[in-house]
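One structure is given here, and the rest of the page talks about it.
The values are calculated or read from the model by the stated rules, or taken from the named source; none is laboratory data. Keep in mind the model is a prediction, meaning the values are calculated, not measured. We place every Cβ from the backbone using ideal geometry, glycine too, and count neighbours over all the protein chains shown. With ligands, DNA and RNA removed, areas are computed over all heavy atoms of the protein, side chains included. Shrake-Rupley method; radii C 1.70, N 1.55, O 1.52, S 1.80 Å.
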Amino acid sequence: MSDQAARLPPSVEWRDGALILLDQRRLPLEVRYRRLTRVEEVWEAIKQLEVRGAPAIGIAAGFGIALWALDAEADSPQSLLEGLERTRVYLESSRPTAVNLAWAVRRIFRACQSEPSVAAIRARALLEAQAIQAEDAEACRKIGEHGLALLPAGATVMTICNAGAIATARYGTALAPFHLARERGLELSVIACETRPLLQGARLTTWELASIGIDVTLITDSMAAHVMKTRRIDAVIVGADRIARNGDSANKIGTYGLALLARAHGIPFYVAAPFSTIDFELADGSGIPIEERDEKEIVEIQGQRIAPEGIKVFNPAFDVTPNELIEGLITERGVIRCAELDCHQARAMG
Ligand SMILES: CSC[C@H]1O[C@H](OP(=O)(O)O)[C@H](O)[C@@H]1O
């Protein structure tokens, strides 16, 4: 691992029969890990965004179902598989939008179905979870390569939320080009939108990029239009939680507005994501489930209420950017135009 990538703590790690999670809620003020041994703990960690980021929650859920399989009492392969299916459904209930979560646990369940014994099922569940993590790291490195190739020397890129190394196995998706640029001594700059209400941009993206020496400037979400109008922005690159077959992409709330602003200012808007984020079962973005979260995330800041009691609050965690606003999808297979995504379905990951 390069020294820059080594400097960032892994957000999800399997070690000595347990799942070690970096508590992303405490960043940037505290780097704290927790050791999880039960699937219920993994469910809660995903729900509370202790681990967050579409690929990272898929990886965590994969180790969650493996934890269950390794510990469950089972007197036959069939009874273990029945429990595995129940655990898959349980884990999928933690957060609905990022398809990586369902994709990971369904892939592990399918792999275990072909195993002949209880011991083989237990072993396969863990092996598959580890394979998902390793594949994501390689996919993100390739996304970094393809993303970097799009950017002119000295480019400035705007992003929202955190689609970085801690949201994936390594490197990140939208931030992967910057990790590679650092490794190669290339100078790039990032404008990070703070990303209300949970401030993944202010807390995580600035922390991640500053820790590897990438130039980053923090702005409030409401400043995006002014910055695009008055400063040189070469591209907007964002992550994704679920991409439909036509390229419509769900990402953190505020992303759709950024895409509209980018189009108005003639700035190319890219979505960076591995194929594990593409939901080929969905024809378009209208079918993407949008998670609505607790109103406290909006009316409180660090436990301090900022709005009157009893007012109505709406807290969708994601929005959907239509394909016509997306210049290209930066994937491990290259930069793909939305209109061409369908023909990649046959070769998509299982
Ligand atoms: C590569 S992370 C993808 C995606 O996940 C984040 O959502 P959350 O922080 O709620 O898990 C955000 O939408 C990122 O862009």
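For the range 14-62, filtered to residues that are acidic (D, E) and part of a loop (DSSP other than H, G, I, E, B), the residue that is surrounded by the most Cβ atoms within 10 Å (Cβ to Cβ) is E50.
Residues of the range 197-223 that are in contact with a Ser or Thr (Cβ under 8 Å, 6 or more places away or on another chain) and either outside any helix (DSSP H, G or I) or touching a residue at least 60 places away in the same chain (Cβ under 8 Å) (or both): I214, D215, V216, T217, L218, D221.
Condition check ((1) of a type in the set (D, E, K, R); (2) surrounded by fewer than 22 Cβ atoms within 10 Å (Cβ to Cβ); (3) closer than 17 Å to R231 by Cβ) across all residues:
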site: A149; (1), (2), (3): no, yes, no
site: T159; (1), (2), (3): no, no, yes
site: A165; (1), (2), (3): no, no, no
site: F178; (1), (2), (3): no, no, no
site: I191; (1), (2), (3): no, no, yes
site: R196; (1), (2), (3): yes, yes, no
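Residue-level analysis places I65 among those that are more than 16 Å from the ligand (Cβ to nearest atom) and open to solvent by less than 10 Å² (accessible area, probe 1.4 Å). For T195, the stated conditions hold: it is of a type in the set (S, T, Y) and either on the phi > 0 side of the Ramachandran plot or at pLDDT below 95 (or both).
Okay, residues lined up against (1) within 14 Å of the ligand (Cβ to nearest atom); (2) touching a Gly at 6+ places or on another chain (Cβ under 9 Å); (3) outside any loop (DSSP other than H, G, I, E, B):
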{"site": "C112", "(1), (2), (3)": "no, no, yes"}
{"site": "A125", "(1), (2), (3)": "no, yes, yes"}
{"site": "I132", "(1), (2), (3)": "no, yes, yes"}
{"site": "G154", "(1), (2), (3)": "no, no, no"}
{"site": "N162", "(1), (2), (3)": "yes, yes, no"}
{"site": "P177", "(1), (2), (3)": "yes, yes, yes"}
{"site": "L180", "(1), (2), (3)": "no, yes, yes"}
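In summary, strands (runs of 3 or more DSSP E) completely within the range 269-342 and bearing 2 or more residues that are touching a Ser or Thr at 6+ places or on another chain (Cβ under 6 Å) occur at 269-272, 318-321.
Regarding R305, is this residue away from the ligand (no atom under 16 Å from the Cβ) and either buried (at least 21 other Cβ atoms within 10 Å of the Cβ) or in the same structural domain as A167 (by TED's automatic domain parsing) (or both)? Yes: the conditions hold for R305.
Quick check on the range 114-132. Is at least one of its residues crowded, with 24+ Cβ neighbours inside 10 Å and in contact with a strand residue (DSSP E or B) (Cβ under 8 Å, 6 or more places away or on another chain)? The answer is yes; a qualifying residue exists. If you go through the range 198-224 and keep only what is small (G, A, S), in contact with a strand residue (DSSP E or B) (Cβ under 8 Å, 6 or more places away or on another chain) and open to solvent by 40 Å² or more (accessible area, probe 1.4 Å), you end up with just A210. Inside the range 280-291, can you point out the residues that are surrounded by fewer than 21 Cβ atoms within 10 Å (Cβ to Cβ) and away from the ligand (no atom under 12 Å from the Cβ)? Residues satisfying the conditions are F280, E281, L282, A283, D284, S286, G287, P289. Only a single criterion out of (1) touching a residue at least 60 places away in the same chain (Cβ under 8 Å); (2) within 16 Å of the ligand (Cβ to nearest atom); (3) open to solvent by less than 30 Å² (accessible area, probe 1.4 Å) is not satisfied by V320, namely (3). Being open to solvent by 30 Å² or more (accessible area, probe 1.4 Å), in a loop (DSSP other than H, G, I, E, B) and of a type in the set (D, E, K, R) is the requirement here; does E85 meet it? Considered against the rule, which asks whether it is open to solvent by 30 Å² or more (accessible area, probe 1.4 Å), in a loop (DSSP other than H, G, I, E, B) and of a type in the set (D, E, K, R), E85 comes out as no.
Of everything listed in (1) out of contact with any strand residue (DSSP E or B) (no Cβ under 9 Å at 6 or more places or on another chain); (2) under 26 Å from I57 (Cα atoms), the single unmet condition for D241 is (1).
Please find, within the range 88-98, the residue that is farthest from V39 (Cα to Cα) out of those that are within 16 Å of the ligand (Cβ to nearest atom) and part of a helix (DSSP H, G or I). Selected residue: E92.
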